[in-house]
There are 2 protein chains.
Amino acid sequence: MKELIRHKLQHDFKRIKTSAKWVLFSIVSGLLVGGVGTLFYFGMYVVTLTRTKNPWLIFLLPVSGILIVGCYRLLHDEKDTGTNLVLSAIHSDEDLPLRMAPLIFISTLITHLFGGSAGREGAALQLGGSIGNGLGKLFRFDEKDKHIMIMCGMSAAFSALFGTPMAAAVFSMEVVSVGVMYYAALVPCVISSLVAHAVAEFFGVSQEMFLIGQIPAFKITSAVKISVLAILCAGVSIIFCVMLHQSEHLYKKFFKNPYVRIFSGGCFVLILTLLVGNQNYNGTGINIIEQCIDGTVRPEAFFMKMLFTALTLGAGFKGGEIVPSFFTGAAFGCLFGNLSGFSPTLCTAVGMAAVFCGVTNCPITALLISFELFGYDGMPYFLLAVAFSYMLSGYYGLYSSQKIIYSKYKTNYINRKTH
Amino acid sequence: MKELIRHKLQHDFKRIKTSAKWVLFSIVSGLLVGGVGTLFYFGMYVVTLTRTKNPWLIFLLPVSGILIVGCYRLLHDEKDTGTNLVLSAIHSDEDLPLRMAPLIFISTLITHLFGGSAGREGAALQLGGSIGNGLGKLFRFDEKDKHIMIMCGMSAAFSALFGTPMAAAVFSMEVVSVGVMYYAALVPCVISSLVAHAVAEFFGVSQEMFLIGQIPAFKITSAVKISVLAILCAGVSIIFCVMLHQSEHLYKKFFKNPYVRIFSGGCFVLILTLLVGNQNYNGTGINIIEQCIDGTVRPEAFFMKMLFTALTLGAGFKGGEIVPSFFTGAAFGCLFGNLSGFSPTLCTAVGMAAVFCGVTNCPITALLISFELFGYDGMPYFLLAVAFSYMLSGYYGLYSSQKIIYSKYKTNYINRKTH
């Protein structure tokens with residue numbers, strides 16, 4: 001009996017030590033990655049402002065691409081698969097080089113300065129993931145603990161940049177293997193996410209928050225309308241994923257040389273921008289999302305954003321896919337709202353959540369991020385939309401190294417990669 | 001190519017058919033289980049009112065126990081393990097008899113009428129689970145689809161009774177195997193949960209909602225205080241689980257005959273009630289939770305509730321463990337708030353969320369239910385508290401057939417049952 005109690009106490013002591021270790025290191029990770037994330041936020045801010053004031057910069061987009069490829073060549077990181085590498089570093093033991101951080105930092109800023117259409121959270125995930133991994137190496141963590149550090153870093157960077165600490169904490173646990181929650185990373189991710197958010201707030205990063213105002217009462221008719229919107233959004237998500245992957249595939253097929261590839265991609269985006277006649281689809285396009293929330297959108301906007309983003313990222317420019325997904329969802333939702341006569345503002349918000357869920361296959365994160373972006377009042381709408389979009393978006397996804405562990409239609413173990 | 005497209009279309013058509021099937025059947029499940037849940041709600045209401053008006057009913061508690069055991073004997077369901085059976089019916093193929101529904105319905109009402117200390121959501125889960133399984137059999141679903149129907153039913157009953165459709169939908173996906181999310185049940189659970197909630201609202205079930213009022217700004221000092229509270233709550237959760245399991249074990253050891261066992265249990269609760277001198281710890285005790293929210297609590301309340309509940313449920317009385325967990329968390333949180341001088345109201349709410357998380361090992365559900373019960377404004381506090389309570393509550397849990405798939409401290413596959 002005495003032996004048993006001693007064993008039990010030893011065990012408990014070990015657990016408490018592990019917990020204390022994670023509290024400490026997640027604060028470190030939150031401070032460091034939060035700081036870098038904040039720097040990146042202001043970098044993005046300056047770059048976007050500069051581009052808006054000097055629209056002619058778009059003409060340099062093709063040339064800027066060469067600079068990006070050059071950077072990656074210079075640091076011998078041509079095989080970098082971006083966010084995919086971060087995800088596969090978590091579920092396998094692939095290495096995540098620290099040089100990924102400066103590379104993605106610079107190349108995303110270049111992409112945005114010259115008007116490529118991309119997001120910034122892909123950059124955030126790579127920044128955070130590689131710094132987290134670096135910290136893990138520095139502290140001589142074993143492989144499994146390094147994985148937790150990568151998730152910590154991802155959460156911290158996402159949180160600093162988006163101002164959504166709750167969704168950021170859950171996202172890294174949910175996105176790697178859909179259906180399996182890496183709860184061992186719960187405390188580390190939550191703490192580093194909250195710390196990074198505090199760091200960002202301290203330096204004056206303002207949180208993205210869209211006000212929906214009046215939300216229609218949740219009744220059968222409105223539930224049906226939102227379900228229809230969510231089902232359509234699932235389709236939009238599939239199209240977006242296919243476009244992104246196909247564009248990469250086609251670019252590689254027709255332009256073997258990465259310099260030529262990115263130069264041509266820059267030219268395509270440039271030509272398209274000139275044809276459109278404005279720069280609504282260049283950069284992140286957060287201003288356009290805000291217009292959608294107010295109920296104004298051009299009918300073709302959602303498709304144009306997908307096209308611009310596929311042409312930009314497929315060619316080798318850097319950035320993320322999530323803000324473009326938000327843009328696409330917002331534009332599509334707003335269009336749906338205007339056509340159906342059902343609150344375009346709410347439809348915009350629901351469209352964003354549904355497309356986010358469709359392309360990332362992360363229903364819980366999508367639900368939580370919608371509370372953080374739009375407030376809690378639309379809850380039943382978001383819940384319903386996220387569920388439908390998850391089920392009907394099939395096994396498509398932004399990240400080809402993401403795994404879907406259980407079938408979406410039956411409780412079967414399938415463990416397949418997304419396409 | 002043509003062949004491929006045809007194959008793809010057939011595949012998509014099959015998925016759409018599956019989705020449509022689930023929409024339909026989850027509405028049916030939501031309506032039926034929602035209706036039964038509503039009936040149960042009003043039953044509980046009447047029973048509790050009757051007991052409060054006639055405090056002498058407590059003297060009949062020992063005899064009423066004999067009635068409960070008699071009912072189970074009569075329907076040949078002596079081996080019924082309650083909520084555990086529902087959970088193991090989902091991850092194994094154990095049968096879930098339909099007679100569980102009327103049995104738990106009646107026996108929970110009896111327990112509450114005569115002043116046993118118990119909750120009602122255990123009853124809800126069993127009601128919903130067995131009716132869901134019954135529907136699955138009726139429609140000749142295969143084993144895997146029957147599991148989804150069980151989850152649907154659980155969500156619907158939980159939602160109708162508690163008025164928390166979001167947490168109810170996620171709970172059944174999360175609780176069975178912690179770390180694995182049964183997302184195949186996402187749409188079915190969400191829909192049946194929302195439908196059941198609508199049914200309950202239609203018949204006038206009023207939603208439990210506790211107002212926190214002023215929430216202190218989320219700063220380092222307040223975050224540390226809440227973390228300390230959450231860590232203590234993890235300890236309380238462990239004690240509660242151990243008390244529940246030990247009480248059952250000891251009862252069985254000393255009283256082999258179930259009639260004698262439940263009669264003695266009734267006597268213990270009766271004596272304890274007389275010693276306490278009031279009925280604060282009998283029934284669900286939601287009124288006491290409300291007092292905690294207002295900042296008033298007796299220091300021993302959290303422990304007394306655990307003791308009352310362990311004595312009641314261990315002896316064979318029926319009901320749930322979740323409302324008692326809420327009570328314990330609320331009383332402990334309020335006490336902590338009063339002692340530390342940090343908003344007792346917020347501490348009550350956080351205590352409830354943390355103990356719920358600690359005993360169920362369901363962090364996402366705990367987070368969501370705290371939004372539904374207390375509003376969204378305390379988000380960072382709940383997030384932090386739930387994370388700490390999850391990590392430090394070890395592998396203890398209310399339901400011995402719950403499985404924890406991944407270690408809480410490392411990303412290791414462990415697949416162990418809780419104790």
Original post:
Going through the range A:296-335 one residue at a time, which ones are of a type outside the set (A, V, I, L, M, F, W, C) and over 18 Å from the mean Cα position of the chain (by Cα)?
Top reply: A:Thr296, A:Arg298, A:Pro299, A:Glu300, A:Gly333
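To keep it simple, each residue is scored yes or no on (1) closer than 22 Å to A:Gly378 by Cα; (2) out of contact with any strand residue (DSSP E or B) (no Cβ under 6 Å at 6 or more places or on another chain); (3) outside the structural domain of B:Gly341 (by TED's automatic domain parsing).
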| site | (1), (2), (3) |
| --- | --- |
| B:Phe162 | yes, yes, yes |
| B:Met181 | no, yes, yes |
| B:Val195 | yes, yes, yes |
| B:Ala198 | yes, yes, yes |
| B:Ser247 | no, yes, no |
**OP:** Go through the range A:397-414 residue by residue and tally those that are of a type outside the set (Val, Ile, Thr), within 12 Å of chain B (Cβ to nearest Cβ) and more than 20 Å from B:Ala169 (Cβ to Cβ).
**Re:** 2
Original post:
Just wondering, is there one or more residues in the range A:358-380 that are in contact with a Gly (Cβ under 8 Å, 6 or more places away or on another chain), more than 20 Å from A:Thr309 (Cα to Cα), crowded, with 21+ Cβ neighbours inside 10 Å and polar (S, T, N, Q)?
Top reply: yes
Original post:
Which one of these is within 27 Å of B:Thr221 (Cα to Cα), touching a Leu at 6+ places or on another chain (Cβ under 6 Å) and more than 14 Å from every other protein chain (Cβ to nearest Cβ): B:Val355, B:Val297?
Top reply: B:Val297
Original post:
Within the range A:100-111, can one find any residue that is at pLDDT 85 or above and not in a helix (DSSP H, G or I)?
Top reply: no
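From the list A:Ile231, A:Ile215, A:Ile220, exactly one residue is surrounded by fewer than 20 Cβ atoms within 10 Å (Cβ to Cβ), farther than 16 Å from A:Phe382 by Cβ and among the hydrophobic types (A, V, I, L, M, F, W, C). Which is it? Working first, answer last.
Values: A:Ile231 fails: farther than 16 Å from A:Phe382 by Cβ; A:Ile215 fails: farther than 16 Å from A:Phe382 by Cβ.
Exactly one of A:Ile231, A:Ile215, A:Ile220 is surrounded by fewer than 20 Cβ atoms within 10 Å (Cβ to Cβ), farther than 16 Å from A:Phe382 by Cβ and among the hydrophobic types (A, V, I, L, M, F, W, C), namely A:Ile220.
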Original post:
In the range B:265-285, how many residues are buried (at least 17 other Cβ atoms within 10 Å of the Cβ) and assigned to a helix (DSSP H, G or I)?
Top reply: 7
**OP:** Those residues that are over 14 Å from A:Leu229 (Cβ atoms) and not hydrophobic (A, V, I, L, M, F, W, C), I need them from the range A:339-369; list them, please.
**Re:** A:Thr360, A:Asn361, A:Pro363, A:Thr365
Original post:
Of the residues that make up the range B:142-163, is at least one surrounded by fewer than 22 Cβ atoms within 10 Å (Cβ to Cβ) and either among the basic types (Lys, Arg) or in contact with a Leu (Cβ under 6 Å, 6 or more places away or on another chain) (or both)?
Top reply: yes
**OP:** Test B:Gly43 against the criterion of being closer than 29 Å to B:Gly163 by Cα and assigned by TED's automatic domain parsing to the domain that holds B:Phe139, and give yes or no.
**Re:** yes
**OP:** For the range A:29-57, name all the residues that are among the β-branched types (Val, Ile, Thr) and either within 23 Å of the chain's Cα centre (by Cα) or modelled with pLDDT under 95 (or both).
**Re:** A:Val33, A:Val36, A:Thr38, A:Val46, A:Val47, A:Thr48, A:Thr52
Original post:
Is it fair to say A:Tyr251 is away from chain B (no Cβ under 14 Å), farther than 20 Å from A:Tyr376 by Cα and not aliphatic (A, V, I, L, M)?
Top reply: yes
**OP:** Take A:Gly329 and decide whether it is at pLDDT below 95 and under 26 Å from A:Tyr396 (Cβ atoms).
**Re:** no
Original post:
Within the range A:1-33, restricting attention to residues that are within 14 Å of chain B (Cβ to nearest Cβ), in contact (Cβ under 8 Å) with a residue 12 or more places away in the chain and of a type in the set (Gly, Ala, Ser), which residue is farthest from A:Ala156 (Cα to Cα)?
Top reply: A:Ser19
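Has the range B:385-395 got at least one residue that is under 15 Å from the mean Cα position of the chain (by Cα) and within 14 Å of chain A (Cβ to nearest Cβ)?
Looking for residues that are under 15 Å from the mean Cα position of the chain (by Cα) and within 14 Å of chain A (Cβ to nearest Cβ), one finds none in the range B:385-395, hence no.
The values are calculated or read from the model by the stated rules, or taken from the named source; none is laboratory data. Because the structure is a prediction, the values reported are computed rather than measured. Methodologically, a virtual Cβ is constructed for each residue, glycine included, from the backbone with ideal geometry; neighbour enumeration extends over all protein chains shown.
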